[in-house]
Amino acid sequence: MTHAAPEGSILHQPKAVWAVAFASVIAFMGIGLVDPILPAISEQLDATPTQAELLFTSYLLVTGIAMLFTSWVSGRIGARATLLSGLALVILFAALAGASGTVDQIIGLRAGWGLGNALFISTALATIVGAASGGAANAIILYEAALGLGIAIGPLLGGALGSVSWRAPFFGTAALMAIGFLALAVLLKGDGAPRVRVPLSAPFKALAHPGLRLLAIAAVLYNIGFFTLLAYSPFPLGFGEIGLGLTFFGWGVGLAITSVLVAPRLTARFPRTLVLSTTLALLALDLAVGALVVASAAALVVIVVVGGLLLGVLNTVFTESVMEVTDLPRSVASSSYSSVRFLGGAAAPPLAAWLAALAGDWLAYAVAAVAVLGASVVILSGRSTLARVDGHAPEPLEVEAEAISVGDAV
């Protein structure tokens, strides 16, 4: 005898939510898909590791900047049109990257890819949160599950396709995004949530909120650790495409499991600020050990996978905290926070490559450890500012259907 999922279950969601979640899995696959081919691109296109790392930097830099404007765009053309536009841009630029002939061309095309990614990612989170049943917590867990699943599958598929050619993962991404585009076009009939018209200045002014600004600063430091593990580790590991794909598949699986199963249990028992500060300290320790054992590929694999487990908790709890720390429309809060944190991620890959060239691979992990420890200190020192995310203030009002006045409409 079968039973339907209860109303409050995370599985009981409208079709619009499942359509966006499915497309999100494919979108997040694009982040890790190129990871296993970075050494191959560096070797076959005669590029230095720093140049290869710029594939992440151009992508994340444009993603971060563009996210400041995505809530304004979606407020005017609607979430559905914004999501589809983002996917269309990713399809275009991923296909062009696969057909390119130099690393500089790929770096430039990854920037266009980042623009499409920005339109999709921040709008997807706001759409899922606005349309999901069972409350914001269930919606965020569903979104983080999509993120974790996509990040886990991406490197595995990238490794398999990369063993054929470094071009194949780019073409693979374009094909998968096309599937996501069609699924979204068919299943998402409307915007999924009421349209919110916000001023162009809203995401900038949102960062004046002390709690949101503090979380964004911590996330910049935290993302230095995140993208050192993800984007730089392929070089000291020294594996082929399949080996790197399997390594980062384990990293992504760990991230997915803890983001969905562990993070909610921790925040149900402990304040979010305590979970964040403690997990950041553990990630800093993981990176510090990585600096000591970086010469051992086997030990570094363990460091990467353990890092994934910790990152899953951090991703979910940071996202929950951003959604709860202000009464601003969630699309505005998401755009502001995501923009700043992606800028931190953009700096990490070339910084890690430069530090490694300066004094050895160990220095990249040591600096990342210091940065993540700094994020833990920021959270601890700002616990009074973040009292709201720990449940010491009333639950935030549901404001998705109307824009909070944060400036004159443009």
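Tabulated data
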item: Residue in the stretch 46-54 that is closer than 22 Å to A206 by Cβ and open to solvent by 10 Å² or more (accessible area, probe 1.4 Å) present; result: no
item: Residue in the stretch 68-85 that is of a type in the set (G, A, S), out of contact with any His (no Cβ under 8 Å at 6 or more places or on another chain), surrounded by 22 or more Cβ atoms within 10 Å (Cβ to Cβ) and at pLDDT 90 or above present; result: no
item: Enumeration of residues in the stretch 20-48 that are within 15 Å of P169 (Cβ to Cβ) and part of a loop (DSSP other than H, G, I, E, B); result: V34, L45
item: Any hit, the stretch 38-45, residues being under 21 Å from the mean Cα position of the chain (by Cα), closer than 15 Å to L229 by Cα and either buried (at least 19 other Cβ atoms within 10 Å of the Cβ) or among the small types (G, A, S) (or both); result: yes
item: Filter pass, L328 being surrounded by fewer than 21 Cβ atoms within 10 Å (Cβ to Cβ), modelled with pLDDT under 85 and within 25 Å of L380 (Cβ to Cβ); result: no
item: Which numbered condition L61 fails, given (1) closer than 26 Å to A21 by Cβ; (2) of a type in the set (A, V, I, L, M, F, W, C); (3) touching a helix residue (DSSP H, G or I) at 6+ places or on another chain (Cβ under 7 Å); result: (1)
item: Cβ-Cβ under 7 Å pairs, at least 6 apart or on other chains, the stretch 93-117 side in contact (Cβ under 8 Å) with a residue 60 or more places away in the chain and closer than 13 Å to A66 by Cβ, far side open to solvent by 50 Å² or more (accessible area, probe 1.4 Å) and among the polar types (S, T, N, Q); result: none
item: Options S259, S277: the member that is polar (S, T, N, Q) and crowded, with 24+ Cβ neighbours inside 10 Å; result: S259
item: One residue from A333, A297 being in contact (Cβ under 8 Å) with a residue 40 or more places away in the chain and buried (at least 24 other Cβ atoms within 10 Å of the Cβ); result: A333
item: Number of positions in the stretch 375-393 that are open to solvent by 20 Å² or more (accessible area, probe 1.4 Å), closer than 24 Å to D286 by Cβ and assigned to a helix (DSSP H, G or I); result: 4
item: Selection within the stretch 341-359 - touching a residue at least 24 places away in the same chain (Cβ under 8 Å) and of a type in the set (G, A, S); result: G344, G345, A346, A347, A348, A352, A353, A356, A357
item: Qualifying residue in the stretch 87-108 (condition: modelled with pLDDT of 90 or more, assigned to a loop (DSSP other than H, G, I, E, B), farther than 29 Å from L314 by Cα and not β-branched (V, I, T)); result: yes
item: So S201, is it at pLDDT 85 or above and among the polar types (S, T, N, Q); result: no
item: Single unsatisfied condition, S133 versus (1) at pLDDT 90 or above; (2) not in a helix (DSSP H, G or I); result: (1)
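The values are calculated or read from the model by the stated rules, or taken from the named source; none is laboratory data. What you see is a predicted model, and the numbers here were worked out from it, not measured in a lab. We place every Cβ from the backbone using ideal geometry, glycine too, and count neighbours over all the protein chains shown. With ligands, DNA and RNA removed, areas are computed over all heavy atoms of the protein, side chains included. Shrake-Rupley method; radii C 1.70, N 1.55, O 1.52, S 1.80 Å.
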